[in-house]
Amino acid sequence: MNTQFFLLVLGGLANAGLVLLLAPGFEGVLRKVTARIQSRQGPPLLQPYFDLLKLLGKEDLESGDSPGMQRFAVYLSLATTLTIAAMLPLGYPAPLQGAGDVLLLVYLLTLSSVCTLLAGLAAGSTFSLLGISREMMTVITLEPLLAVALLTGAVHTQSLRIDTVLSGSVYAADHFPFSGLLLCVLLLFSFQAFLQRVPFDIAEAETEIMEGPLVEYSGPKLALFKHAQMAKLILYSAIFVNLFFPWGAHWAFPLGWLAFWFKVAILVALATIIAATHARYRIDQAIRYFATLLGISLLALILATVGY
Amino acid sequence: MAARERFQQLKARLGNALLRADLPSDGRLYAYVTPAAVRDACQYLFRDLDARYLISIGADDRPYSGKFLVAHNFAFDREHLLCSVMTHLPPEKPAVDSIADLVPAAGWAEREFRDLVGIEPVGHKFPKRLVLPDGWPDGVHPLRKDVPWNHVPPGYDENREFTFDDPPEGCTVVPFGPFHPTLDEPSHFRLYIEGEVVRGCEYRGFMVHRGIEKLAESVLTYNEIPMAAERICGICGCVHNVAYAQAVEQAIALQPPPRAEFIRTLMLELERLHSHLLWVGLAGHIVGFDTLFMQCFRIREPFMWLAEQISGNRKTYALCLIGGVRWNITPEHKSGLTQALDRLETEWLAVVAALAKDRNLQKRTLGIGLANRSLVKEFGLLGPVARAAGVDIDARRDHPYAAYDRVEFDVITESGGDVWSRILVRAREVFESIRIMRQCLDKMPAGPIQTEIREELPVARIGLSSVEAPRGEAHHFVITGEQNRPRRWRVRAPTYQNLQAIPAMIKDQQLADMTISLGSIDPCFSCTDRLELIDIRTRLSRVCSVEDLIRWQRNSQLSANLPAANPGSVPLQWRKERQP
């Protein structure tokens, strides 16, 4: 019992460590591909690692309205991200998958948005308040979309277990999986928004509200926030791959594992290309867009309940 | 004959109130009226004859005529006529009837001569300080002739904060500036926000007013001023350089040689190319489309290299002297430009085609930052902002200067009046610039590039010059003077007019549209209140504060030596600069 518990914890930590380690690498790929699209040389692939190290080495300034909350927000943000990482299958069964179900996953994903709200409140400047009001509007219309997708999987498989739902469950319908295909398309259309990248980086919009909630962050705290954001790139890609593109997941160890990360890389590349070829939407335009997607996704949920 | 005709009309309307009129050429009319008739004359020109407002100028003429001078400049674009309504005011407590209620575009210009020359615009609705900081004592007017250029009045409190008006009820204040990542230059908009919607704003600018006009009128000489004029703007400096030289040449009736005129045209268009390419990229950056920004800058770069080959500098070309230009175009420059223009045309066609299909970009710019024809008229809006609203004005065609009367080009207009139309206007103007530059290279005659001036320049002559900058028409007003320098030199950059309409353009819009609306006029504030010095031998650098700069400037003279020669200065901290 004790050994098993120990192994579980170790596995969870290993998962979190893997995400922390790889996240800046994917960010590096993203920057390099962006640079190529923009006819630039681009920074070295390892640049995000250097950036984080540099920020970590800087003075830890206390600023904003409530420095305590500011610090708490950033710790909570990274902690939430790592907890999600420990519960996700990353090309192999998740070590801590028994620790919670998909509902917990939805809560945790929402919690990471709450961290952004806390960060903005802690700064207390006009720009950060504008940022969190935008973030709040986005969360309200966007997060249900992922919840609907997970629920659809749960309806099909009659289970809320993470390992069951996160293995292409959206296609596990009795009849032809219309709901799964529909959701796959809808979530691909909103993928960029979950990552909070152009055209949906509205809550931070540097040229409008100067990074919004992050306006008061600097040094190590900024490093942790950035690291959590980079980790989200992997986490959302992982959820998408597990939920919608599970093919090859049960291949023998190196093959299935490689296939998984290959698919994650493709999703990151897709996100990069979209970010590099779009202008930022205004918050009202984005909300209308999300609301449309959400409406269609409810149709998918209804389809799922009748076996499609 | 337009000038004569307008003069007759003015005479009929004003009668004896029209004291005198000068018609030095067919394109200029200087009408001297009594102070009481100023309003009537301006209303007649602006409303009845539909003239376009240019700028108002206040000048201290006491050392020469014993009086103050106010001039309101107007343009009749179809008739190629620039017209100035002038009046002399008594030396004690000078005041003139405000025309800002008749001509809203004059709002800033009147506040400016109230600040700088001390002429009171009587009846101005918003007589708040515009140029001078709030800590500046009352009654000291820097542009008066009895105030030395480096005078710091006792009681000047440089740390005093600006006073702002109260926001309307139910609105929060979002400070947009004094520093903001999109502006890159100091300027302060206080936005009144309700939710995400802008309900109004107050503007304070002129934070780095450099007093270039005062320097020109008291320290520099005729041929040094072009160098200072070029530094008015970091993007369209050559425009001011040429406009100043042309204003003086026009005042003294001096014709530069044809080759010099073609070189001026060529460099002005080169500047327009680089400015438009930069602006389209910047507009992309503001709405988060950085790929457009990067591609525009890549396409623009060869022209910066060519500018450096031709003039020695990427941006400050140091082009004009009075009566000509300082350097020539060689056959190597010509072949380099021809090749670069061909490549640009191909690449820009691709960009414009991609832009036209970009629904995403249109979503952010269609119907945003609206300026319709009446706003253009009321505020005297210029350049791409006016042309995007369907107002067909372009100083290159309407008030031909340099060699623009010898080249063919179209004036690009659109009808939307929004940011998208401004993008289209600028994008298409690039092709016209290419066309003009090719013609210049083909038609450029051989010959001298400078007219020799043997005598002192005549005094008390007036010159007006309009040059179409990439952002709109830049207008220069010069009165020639003694001691080899002008008595009065007034520069009206295009942003001066366009910025005044921003509150109307952003009202009741989303906050997110504010930056692109402001960006769409291509605002140009000036930006030199900080300086970094690097010692080349030791690779040490230091950052100078505002106080250091002011101290040096006051203790030494204009060509400030380093603090070693300046006993009053406090030693600065040197820090090791990282090796590149």
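The values are calculated or read from the model by the stated rules, or taken from the named source; none is laboratory data. Everything numeric in this text was worked out from a predicted model, so none of it was measured. Every residue, glycine among them, receives a Cβ derived from its backbone with ideal geometry; neighbour counts consider all protein chains shown. With ligands, DNA and RNA removed, areas are computed over all heavy atoms of the protein, side chains included. Shrake-Rupley method; radii C 1.70, N 1.55, O 1.52, S 1.80 Å.
Listing for the model above:
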{"item": "Any chance B:Val425 is crowded, with 24+ Cβ neighbours inside 10 Å, closer than 27 Å to B:Glu347 by Cα and not basic (Lys, Arg)", "result": "no"}
{"item": "Residues being of a type in the set (S, T, N, Q) and more than 30 Å from B:Leu254 (Cα to Cα) - total across segment B:1-54", "result": "3"}
{"item": "Conditions (1) open to solvent by 10 Å² or more (accessible area, probe 1.4 Å); (2) within 20 Å of B:Val351 (Cβ to Cβ); (3) of a type in the set (Lys, Arg): number failed by B:Arg461", "result": "(2)"}
{"item": "Some residue of segment B:146-158 being under 30 Å from B:Val38 (Cα atoms) and modelled with pLDDT of 80 or more", "result": "yes"}
{"item": "Residue in segment B:147-162 that is of a type in the set (Phe, Trp, Tyr), over 19 Å from B:Asp508 (Cβ atoms), away from every other protein chain (no Cβ under 14 Å) and in contact with a strand residue (DSSP E or B) (Cβ under 6 Å, 6 or more places away or on another chain) present", "result": "yes"}
{"item": "Filter result (open to solvent by 10 Å² or more (accessible area, probe 1.4 Å) and either within 14 Å of chain A (Cβ to nearest Cβ) or farther than 16 Å from B:Glu378 by Cβ (or both)) within segment B:496-510", "result": "B:Asp508, B:Gln509, B:Gln510"}
{"item": "Checking A:Ile162 against (1) open to solvent by 10 Å² or more (accessible area, probe 1.4 Å); (2) farther than 16 Å from A:Val306 by Cβ, the condition it does not meet", "result": "(1)"}
{"item": "Flag for B:Ala402 being touching a strand residue (DSSP E or B) at 6+ places or on another chain (Cβ under 9 Å) and not in a helix (DSSP H, G or I)", "result": "yes"}
{"item": "Pair list, Cβ under 6 Å, 6 or more apart: segment B:293-308 residue more than 10 Å from chain A (Cβ to nearest Cβ), other residue of a type in the set (Lys, Arg)", "result": "B:Met304/B:Arg314; B:Ala307/B:Arg314; B:Glu308/B:Arg314"}
{"item": "Segment A:236-285, residues that are among the β-branched types (Val, Ile, Thr), farther than 15 Å from A:Ala94 by Cα, away from chain B (no Cβ under 14 Å) and in contact with a helix residue (DSSP H, G or I) (Cβ under 8 Å, 6 or more places away or on another chain)", "result": "A:Val264, A:Val268"}
{"item": "Residue match in segment B:218-227 (condition: out of contact with any Leu (no Cβ under 9 Å at 6 or more places or on another chain), open to solvent by less than 10 Å² (accessible area, probe 1.4 Å), closer than 26 Å to B:Glu185 by Cα and in contact (Cβ under 8 Å) with a residue 12 or more places away in the chain)", "result": "no"}
{"item": "Any pair with Cβ under 8 angstrom, 6 or more apart, that starts in segment A:127-139 at a residue that is away from chain B (no Cβ under 11 Å) and ends at one that is open to solvent by 40 Å² or more (accessible area, probe 1.4 Å) and outside any helix (DSSP H, G or I)", "result": "A:Ser128/A:Val215; A:Ser128/A:Glu216; A:Gly131/A:Glu211; A:Gly131/A:Val215"}
{"item": "Of all residues making up segment B:109-151, the number that are over 20 Å from B:Ser187 (Cα atoms) and either surrounded by fewer than 22 Cβ atoms within 10 Å (Cβ to Cβ) or β-branched (Val, Ile, Thr) (or both)", "result": "22"}
{"item": "Only listed residue being outside any loop (DSSP other than H, G, I, E, B), modelled with pLDDT of 85 or more and open to solvent by less than 30 Å² (accessible area, probe 1.4 Å), chosen from A:Val29, A:Val19", "result": "A:Val19"}
{"item": "Scope segment B:77-106; condition within 26 Å of B:Ala3 (Cα to Cα), in a strand (DSSP E or B) and either open to solvent by 10 Å² or more (accessible area, probe 1.4 Å) or aliphatic (A, V, I, L, M) (or both); matching residues", "result": "B:Leu81, B:Leu82, B:Val85, B:Met86, B:His88, B:Leu89, B:Val96, B:Asp97"}
{"item": "Long-range neighbours under 7 Å by Cβ, at least six apart or interchain, first residue more than 11 Å from every other protein chain (Cβ to nearest Cβ) within segment A:30-47, second open to solvent by 60 Å² or more (accessible area, probe 1.4 Å) and of a type in the set (A, V, I, L, M, F, W, C)", "result": "A:Lys32/A:Leu45; A:Leu45/A:Val29"}
{"item": "Set B:Asp442, B:Asp398: member being within 22 Å of the chain's Cα centre (by Cα) and of a type in the set (Asp, Glu)", "result": "B:Asp398"}
{"item": "The one condition in (1) more than 14 Å from chain A (Cβ to nearest Cβ); (2) at negative phi; (3) open to solvent by 40 Å² or more (accessible area, probe 1.4 Å) that B:Gly170 fails to fulfil", "result": "(2)"}
{"item": "Residues of segment A:226-255 classified as open to solvent by 10 Å² or more (accessible area, probe 1.4 Å), in a helix (DSSP H, G or I) and touching a Ser or Thr at 6+ places or on another chain (Cβ under 9 Å), total", "result": "4"}
{"item": "Single residue of segment A:114-151 satisfying the filter (small (Gly, Ala, Ser) and open to solvent by less than 10 Å² (accessible area, probe 1.4 Å)) that is nearest to A:Thr80 (Cα to Cα)", "result": "A:Ala119"}
{"item": "Only listed residue being open to solvent by 10 Å² or more (accessible area, probe 1.4 Å), in contact with a Phe, Trp or Tyr (Cβ under 9 Å, 6 or more places away or on another chain) and closer than 25 Å to B:Thr338 by Cα, chosen from B:Glu261, B:Glu271", "result": "B:Glu261"}
{"item": "Single residue of segment A:175-217 satisfying the filter (in a loop (DSSP other than H, G, I, E, B) and away from chain B (no Cβ under 14 Å)) that is farthest from A:Phe245 (Cα to Cα)", "result": "A:Glu216"}
{"item": "Of the criteria (1) away from chain B (no Cβ under 14 Å); (2) in a helix (DSSP H, G or I); (3) open to solvent by 40 Å² or more (accessible area, probe 1.4 Å), which one A:Tyr92 fails", "result": "(2)"}
{"item": "Residues within segment A:95-109 that are open to solvent by less than 40 Å² (accessible area, probe 1.4 Å) and not hydrophobic (A, V, I, L, M, F, W, C), tallied", "result": "2"}
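Conditions (1) over 21 Å from A:Ala279 (Cα atoms); (2) surrounded by 15 or more Cβ atoms within 10 Å (Cβ to Cβ); (3) within 14 Å of chain A (Cβ to nearest Cβ); (4) among the aliphatic types (A, V, I, L, M), marked per residue:
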| site | (1), (2), (3), (4) |
| --- | --- |
| B:Asp342 | yes, no, no, no |
| B:Ala350 | no, no, yes, yes |
| B:Lys363 | no, yes, yes, no |
| B:Ala386 | yes, yes, no, yes |
